[in-house]
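What follows is a single structure, written as structure tokens, with notes after it.
The values are calculated or read from the model by the stated rules, or taken from the named source; none is laboratory data. These figures come from a predicted structure and were not determined experimentally. Here the Cβ positions follow ideal geometry from the backbone for every residue, glycine too, while neighbour counts run over all protein chains shown. Please note that ligands, DNA and RNA were not included when accessible areas were found on the heavy atoms of the full protein model with its side chains. Shrake-Rupley method; radii C 1.70, N 1.55, O 1.52, S 1.80 Å.
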Amino acid sequence: MPTPTSNGHASRVQIQEPRIMSPLPPSSSPIAFKEQQGRPPPTTQQTIAGKLFRTLFKGLLFSQLTLISLLVIVLTIRGLISASTHHFHLKKWYPPLLASVAVSGIASLAWQCIFIYNPSRAVKATFWLSPILTCSVGILLVLIGSAVDAGIGAVFVLFAITQSLYGCWITPRLEYTDKILSLATAFPPARTREVVCLSIIVSVVYSGFLVTGIGGATSTRTNLDILFISVIIISLAWTMQVIKNVQQVAISRARYVNFAHGEDMDAWNAFRITMKHLTGSICVGSTLVPIIVFIRGSIRSVNLMSGSSDEVMYSGADCFSTIANKLITLGNRWGFVHVGTYDKGFMEASSDTWKKFRSTTGLEKLIDSDLTSSFCFLSAVSVGAVSSLTAGIWMLLIHKDYALEVTLYAFIIGYFVGRVGLAWLQACVLAYYVAYSEDPQSMRFDGTIPQRIQRLQMLSAHRDNRELEVGRDREEDSYNNC
């Protein structure tokens, strides 16, 4: 990736400048040992069950890829043969959706270029552009005309409003987010661009391939075909997660080497090692992380709505919080850094990284409120919205009957392609936090994180004092009323 030209934050830190340090003995530099051996050595004795688990998930990945490919080929051939008898217009259905898939890849690359050359504006633009684009998709669906289309369009509009409210809520945190992203991504590992471009190309080609199968199933529209389409979409989601996390493990490993040891590592070499040795652990993480993130998000929403005024609700929220704190140690995205660096199993890596966060005062709360994942999510939503608008408007003009399904397919595919394209950004931030947690006193880090932790502690103390004063006022009012 080209070096940012307007990155003011990064100019004040030493860590990002890649350099080759003097050779160290294996005992003092595990990274040097790993590079000599060609793969990351395990830090602990791997259990037979852990190896079997990873082998099972790796086999599951390649098995489903094979079976889905065969299914797509069969559905495509059947769709071509039966299109004329079922009045399915191939030339009207395929071009808009395939074009939207290509647009998603272009938009993903363009978004990265915007971020690289002006991170601050890209971060701010994401939080206001995503609601606008999402609302546009909703309006487009409403214009299609049917009740179902209008209902789904209303959901998109509601989602856009939620994004807008969220953007207003997190505005005070944008400055820190801009700073941490600038620091972590200032000097990407060598050949990062090749890894990112390859990942996007693979995701676009694979998505286009699956579209042909979806079209073949749509041509006959039986109940069994609906099942086939659902299976293809689920396969797309999981495969895209794996592609994203392969890139994330490779880039975070190379970035961690620089943050923790000051050494430079080629991203392409890290990518090759990741593909060869770590696919099983990545498949496990790609399955667990979305599930745990969804459960934790639901629990946090319940906690926010419950408040602390009702004792029963408060005790239930406290129980949910305990569950959420346990789940985060079983699987979290920061574990991917240790998967790539130390060849740990995903659950072990997740547990170890979170224990490190908890051992540093204030770091767990800081990381839990980090906006990097929100930035990547909303950026991917923007890419998905651009993709769906491309397909939806085209389809609305030529064949209104297909507009809803094609718009939704385009949005889903665009979202996942966007997540793949932005994985390297998140990988750099993950590596930055993990390296900092292992050596907070390192001279390679500036005062960004300690200052933010201190700020959060001050805000928390102020909030606690205010709640205490409110509680006392209520007690006085109750006493006076008596």
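Just a few scattered comments:
- Of the residues making up the range 133-150, those that are part of a helix (DSSP H, G or I) and in contact (Cβ under 8 Å) with a residue 24 or more places away in the chain are L133, T134, C135, S136, V137, L140, L141, L143, I144, V148, D149.
- Filtered residue count, the range 156-201, keeping only those that are of a type outside the set (A, V, I, L, M, F, W, C), open to solvent by 70 Å² or more (accessible area, probe 1.4 Å) and assigned to a helix (DSSP H, G or I): 6
- L389 being touching a Leu at 6+ places or on another chain (Cβ under 8 Å) and under 19 Å from G208 (Cα atoms): yes
- For the range 403-440, the set of residues classified as in contact with a Pro (Cβ under 9 Å, 6 or more places away or on another chain) and surrounded by fewer than 24 Cβ atoms within 10 Å (Cβ to Cβ) consists of P440 only.
- Residue that is farthest from G208 (Cα to Cα) [pool: residues in the range 100-115 that are touching a residue at least 12 places away in the same chain (Cβ under 8 Å) and either open to solvent by 10 Å² or more (accessible area, probe 1.4 Å) or touching a Phe, Trp or Tyr at 6+ places or on another chain (Cβ under 7 Å) (or both)]: W111
- Listed by first and then second residue, the pairs with beta-carbon distance under 7 Å, at least 6 apart or on different chains, first residue in the range 173-192 and within 17 Å of I114 (Cβ to Cβ), second among the small types (G, A, S), are D178/S120; S182/A10; A186/A10; T192/A267.
- Evaluation of K92 against the conditions (1) more than 22 Å from the chain's Cα centre (by Cα); (2) at pLDDT below 90; (3) open to solvent by less than 10 Å² (accessible area, probe 1.4 Å) shows that the sole unmet condition is (3).
- Condition broken by V386, with the remaining ones in (1) at pLDDT 95 or above; (2) more than 30 Å from L183 (Cα to Cα); (3) buried (at least 24 other Cβ atoms within 10 Å of the Cβ) satisfied: (2)
- From T162, T177, residue being at negative phi, among the β-branched types (V, I, T) and in contact with a Pro (Cβ under 9 Å, 6 or more places away or on another chain): T162
Okay, residues lined up against (1) touching a His at 6+ places or on another chain (Cβ under 6 Å); (2) open to solvent by less than 40 Å² (accessible area, probe 1.4 Å); (3) of a type in the set (V, I, T):
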position: T55; (1), (2), (3): no, no, yes
position: L67; (1), (2), (3): no, no, no
position: T76; (1), (2), (3): no, yes, yes
position: A122; (1), (2), (3): no, yes, no
position: F127; (1), (2), (3): no, yes, no
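- When the range 266-283 is filtered for residues that are aliphatic (A, V, I, L, M), open to solvent by less than 10 Å² (accessible area, probe 1.4 Å) and in contact with a helix residue (DSSP H, G or I) (Cβ under 7 Å, 6 or more places away or on another chain), the ones remaining, listed by number, are A267, A270, L278, I282.
- Within the span defined as the range 358-377, one or more residues are touching a Pro at 6+ places or on another chain (Cβ under 7 Å) and part of a loop (DSSP other than H, G, I, E, B).
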